Amino acid sequence: MKNKFIYLSVLAMAGLVSCEPEFENAVDANYTAGEADFSSYVAVGNSLTAGYMDGTMYKSGQANSFPNLLSQQFATVGGGVFTQPSYEEDVNNLGGISGIPGFGTRRVINFATSAPENIAGTSTITLTPQATAYNNMGVPGAKSFHLLVPGYGNPANFPAANPYYVRHATSNTATVLGDAMTKNPTFFTNWIGANDVLSYATTGGVGVDQTGNFNPQTYGPNDITDPTVFAGVYSLIVNGGTSPAFGAVTGLSQNGAKGVVATIPSVTSIPFFTTVPYNPVTAAAVGGASNITALNAQLYGPLKQALTAFGAGSRINLLSATAGNPLLIKDESLTNLSAQLTAAFTPTLGAATAAFYGSVFGQARQATADDLVLLTTSGVIGTAPTGVPAPLDKYGVTYPLQDQHILIPSEQLAIANATNAYNAAIKSIAASKNLAVADMNAILGVLVNGLRSVNGQIYTANYFSGAATENKVLFSLDGVHPNSRGYAVIANEIIKVINAHYKSNMPFLNPSYFPGINVVATN
Amino acid sequence: MRKLLSLTIFALASSTVFAGGYRVSIQGQKQLAMGHTGVAIVNSAETAFFNPAGMAYLKDKFNLSVGGSALFSKTRFQNSEYNWKASSDNVGTPFNVYATYKVTDWLTAGLAVYTPYGSSVEWDQDWQGAHLVNNIDLKAIFIQPTFSIRVGDEFSFGGGPILATGSVNFNRNLSLNPLLSANGSGSDVTLDSTGITAWGYNVGFMFNPTSKLRLGFNYRSEIIMEARDGDATYADLPDFNQIPNTTFNADLPLPAEITSGLSYQVTDKWLVAFDYNYTMWNVYTDLDVKFGNGTESINPRNYKNTSTYRVGTQYVANDKFTFRAGWYFDESPVQNGYFAPETPRNESMGYTGGLTYQLNPKFGIDLSLLYLHFDEIDNSYDYSTDPVSGTANPDFGGTYKSSVFSPGVGVTYSF
């Protein structure tokens, strides 16, 4: 009896010691896939889908691609394995592509200089074919129609081929969409189309607005895709079908897959176009007020006088010694007054110099708040144009910035028109298949004024500007692509859309725990 | 004897860690079994802690009580918005040594050594709340020489100074931002300070209006543990943000506690007792850490004063066996929005029980059992600052659920 009592006591104590505090509801008690099936998730798109950031693809950045982050959340509601193109070659986490000019290493902040720089080192990423279809079929640089072009991953087709797709195309005739469909998606995201307009924008509008040209084979790399072509291609990608240009295409939703399509953000919500002010020319920037006086006396004054004589005096105003002055730019939409200026300057400068001045300033004007200065132009301002002698050897001050440095309003209009047309097509095609739409244009638009996330943190579309705002910045150092934190915000926005549209409930990511910029002590 | 005692203390101290929260109410096996009542009870030398005034009424000339508990504390954390789960399991060993000696009929002297404050919480390194705490280990031992004087059978008073000695070890990440990390591990700082000493006192009086009823009052003073020139050691710093190790100063208050209560001898064998504790936690406004390199970390705590309501009973079955049981309700000093995972403690209900087996009139063995029940709670800590940006961190919170279980054993010797 006594022994039994002791035995029971010991048992009871052991039970209490191991007694685990239990929640009324397990953490995942309410997670559900809803009407969606995430067992085979495939992402198609461009660099934004691939996980491109800081100007390149690199190993640790790719790990935070929005589809990879999404797949981790899908895993809580039945999501399957999610694979991405291999970057195991990137042993030093540098990015870039070995041996191809223009594919440099990733951008970092050099702590010693506080400036963004390409990280030192040589890329170890090669074009060795992996010949594998992955769940993440985001191909950096791809435009809408590229997803349907056979041979886009065939190295024999350079420069028409895409080095990123060359790395993993399953064959020399494979298409991006065709490879994606071999994964038999039950769920997809499709965020394609940004490059159809963005490559025109990021090159300052040097390309051609191909609206009205229905043959994408004739487009240059920096042209704007015709909206009708875009809509046709987009419909093929989502719905499948047959077209004269691309033959029979199996679309993403054709086998009953559900998914999310994403719209194309406006350039005005991307720091690449909003960081550099139009009027950075201050007295301090040109070396003192005396230099402003000299510039007015020697260049701006005579130039304004001559232009006024031809009824175009508003193109140039005298510089202020106390306020920021606008950049000097070339606007190819202006009437070319080269001949008139040459004639006006000949008596003072001589025929040869006058002709040069005339050609340089024939379409020159000062920038306004309506012009967008590209982020890359910040490294051009004040430098010498090739072969141009003093005093005209300062871009933006004594020599007009060129077409590739600035988006003037007419170029912005072409971009906005195309973006709006594409987004209308995306939404209408999605509606016809009852697909969810992640309106990235609207979401990134909110960022301009600051987006308050569920955890109370405020995020903005600003470019990195120091430690005090670092935790708000969502864009990487290329100014176009999100950083890891930004991709987490994007994944959250897509989860919101999925939860609402497909009656799913899955957890969010906490963007505060994702890196923003990358800093190195020295470079 | 004295040498042996100090050796014993150090042996125990080296392994002493405590459960969640930092007031640990385990100051005697007999009284713990009675819901940790005792301000108006004269049972054993344990009264040196509960109310020094009671020592003068102990019947035997010499009384010794030595005891210890194994304290198993578990805290679980989850957040279904982000699918977070975390846990902290800790084992602590609060102990106590009490001795009293009747110098004359009216004067009793004694010594009390006990561990009323402590905290040990250990989350996984770099868990989601790492910017608040990775782990903390706070220890304090109180040494209290005590006297007690009785004025007849109706009134007594007593008290003594307290020498508190303690240590703290605290580790947390500098930021939740992965920018401050090296090779995937968050930059962290360890604050370590040992050999902190401070003085306080414990006083009380007891009033026995009838032979069956006792009333008691006890006041234990606030003690501020002042860590000075402790070690601040940094780890996993990125190359661009190397911080030399430095020192730190910080004050941690151990709050004052007022207790009043009564006991009533219902029959010769049956005693009931009620205690009320009021703990002056509002002294803990913030944890302000000043580093030797000139930086400062201010962590608002904003604790509020709390009440604890205790009920206990004792039944002397025969010469050999005495049975005890009790219950208490313990408020939490932590206010909404200040619920930090460093002391993840909400209000709790304690269920206690125990018995004494008296081997002979001089020597007895005490057993006690404590189970602390906590309801699950949704709460957050909303007042941390990110050192990178100097702006507020996002709130950190979720659902917490804790449980504490503690069996204890003690011996008494008296003649």
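Each value in this text was obtained by applying a stated rule to the coordinates, not by laboratory testing. Being a predicted model, the structure only gives us computed values, none of them experimental. Every residue, glycine among them, receives a Cβ derived from its backbone with ideal geometry; neighbour counts consider all protein chains shown.
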Using the number of other C-beta atoms within 10 angstrom as an exposure proxy, rank A:Val139, B:Val316 with the fewest first. B:Val316, A:Val139
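Over all alpha-carbon pairs in chain A, figure out the percentage whose distance exceeds 30 Å. If you can, show how the numbers build up before the last one.
On the way: 75438 of 136503 pairs.
Here the long-distance tail beyond 30 Å is 55 percent of all Cα pairs in chain A.
Across peptide B:371-381, what mean number of C-beta atoms from other chains lies inside 10 Å of a residue's C-beta? Numbers along the way, then the final one.
On the way: counts 2, 0, 1, 1, 1, 5, 0, 0, 0, 0, 0.
Taking the mean over all residues of the peptide, I get 1.
With viscosity set to 1.306 mPa s and temperature to 10 °C, compute the Stokes-Einstein D of segment B:68-159, Rh being the Kirkwood radius across alpha carbon pairs; µm²/s, no decimals.
Using the Kirkwood radius from Cα pairs, D works out to 94 µm²/s.
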Along segment A:328-343, what does the Karplus equation 6.51 cos²θ - 1.76 cosθ + 1.60 (θ = phi - 60°) give for ³J(HN,Hα), rounded to whole Hz, x for Gly and Pro? 8, 10, 9, 10, 5, 8, 7, 4, 7, 9, 3, 5, 5, 5, 4, 4
Rg/Rh ratio calculated on Cα atoms of segment A:406-478 (Kirkwood radius): 1.08
List every residue whose amide H lies under 5 Å from the amide H of A:Gly96, counting only residues 5 or more places away in sequence or on a different chain, with H placed 1.01 Å from N in the peptide plane. A:Met57, A:Arg106
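So how do A:Met181, A:Met57 line up by other beta-carbon neighbours within 10 Å, fewest first? Numbers along the way, then the final one.
Details: A:Met181 23, A:Met57 26.
With the sparsest Cβ surroundings first, the list reads A:Met181, A:Met57.
Rounded to the nearest 500, what is chain A's calculated 222 nm mean residue ellipticity when only DSSP H runs of at least 4 contribute -39500 (n - 2.57) each, over all residues? Please list the in-between numbers first.
Values: 16 runs with 161 residues, N = 523.
Helix contribution divided over all residues of chain A: -9000 deg cm²/dmol.
Restrict the search to segment B:23-93; then list the trypsin sites (Lys or Arg not before Pro) that DSSP places in a loop and that have at most 14 other Cβ atoms within 10 Å of their Cβ.
Working: sites: B:Arg23, B:Lys30, B:Lys59, B:Lys61, B:Lys74, B:Arg76, B:Lys85; in loops: B:Lys59, B:Lys61.
Answer in residue order: B:Lys59, B:Lys61.
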Could you list which residues have their amide H under 5 Å from that of A:Ala142, counting only those 5 or more apart in sequence or on another chain, with H placed in the peptide plane? A:Ser47
Charge tally for neighbours of A:Thr263 with beta carbon under 14 Å away, counting Lys, Arg as +1 and Asp, Glu as -1, is -2
Between segment A:82-133 and segment A:29-68, the alpha-carbon center distance in angstrom: 19
If I build a Gaussian network model for chain B, linking alpha-carbon pairs within less than 10 angstrom, which residue out of B:Pro387, B:Pro344, B:Pro244 has the largest mean-square fluctuation? B:Pro244
Going through the cross-link list B:Lys102/B:Lys269; A:Lys330/A:Lys427; B:Lys139/B:Lys320, which pairs have a Cα-Cα distance over 29 Å in this structure? A:Lys330/A:Lys427; B:Lys139/B:Lys320
Give me D for the protein assembly as shown in µm² s⁻¹, whole number, from Stokes-Einstein with Rh from the Kirkwood sum over alpha-carbon pairs, 20 °C and 1.002 mPa s. 65
Residue by residue through segment B:85-93, which ³J(HN,Hα) values in whole Hz follow from phi under the Karplus form 6.51 cos²θ - 1.76 cosθ + 1.60 (θ = phi - 60°), with glycine and proline marked x? 9, 8, 8, 9, 10, 9, 10, x, 9
From phi via Karplus (6.51, -1.76, 1.60), per-residue ³J(HN,Hα) for segment A:410-415 in Hz, x at Gly/Pro: 5, 5, 4, 5, 4, 5
Amide H to amide H, which residues 5 or more places from B:Gly397 or on other chains are under 5 Å from it, using H placed in the peptide plane? B:Tyr381
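Give me the net charge for the shell around B:Asn51: Cβ to Cβ below 13 angstrom, other residues only, Lys and Arg +1, Asp and Glu -1.
Working: positive: B:Arg150, B:Arg214, B:Arg220; negative: B:Glu46, B:Glu257, B:Asp275.
Charge balance in the 13 Å sphere: 0.
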Take peptide A:504-515, look around each residue's Cβ out to 10 angstrom, count Cβ atoms belonging to other protein chains, and average those counts. 4
Mind pulling the angle between the C-alpha long axis of helix A:484-501 and the longest principal axis of chain A? Nearest 10 degrees, somewhere in 0 to 90. 60
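Just checking the output field for B:392-398: average partner chain Cβ neighbours within 10 Å of each residue's Cβ?
Working: counts 3, 5, 11, 3, 3, 1, 1.
Average per residue, whole number: 4.
So what's the back-of-envelope 222 nm ellipticity for chain B, counting only DSSP H runs of four-plus at -39500 (n - 2.57) apiece and dividing by all residues, rounded to 500? Before the final figure, lay out the partial values.
On the way: 3 runs with 21 residues, N = 415.
Computed mean residue ellipticity for chain B: -1500 deg cm²/dmol.
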Output the Cα-based Rg and Dmax of chain B in Å, rounding Rg to one decimal and Dmax to a whole number. 22.5, 75
Does anyone have the angle between helix B:2-13 and the longest principal axis of chain B? Alpha-carbon axes, 0 to 90°, nearest 10? 40
Rounded to the nearest Å, what's the spacing between the alpha carbon centres of segment B:252-276 and segment A:419-455? Just the number, please. 66
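Give me the net charge of B:Asp126's neighbourhood, meaning all other residues with Cβ under 11 Å from the Cβ of B:Asp126; Lys, Arg count +1, Asp, Glu -1. Provide the component values of the computation, followed by the final result.
Numbers: positive: B:Arg172; negative: B:Asp124, B:Asp188, B:Asp236.
Here the charged neighbours net out to -2.
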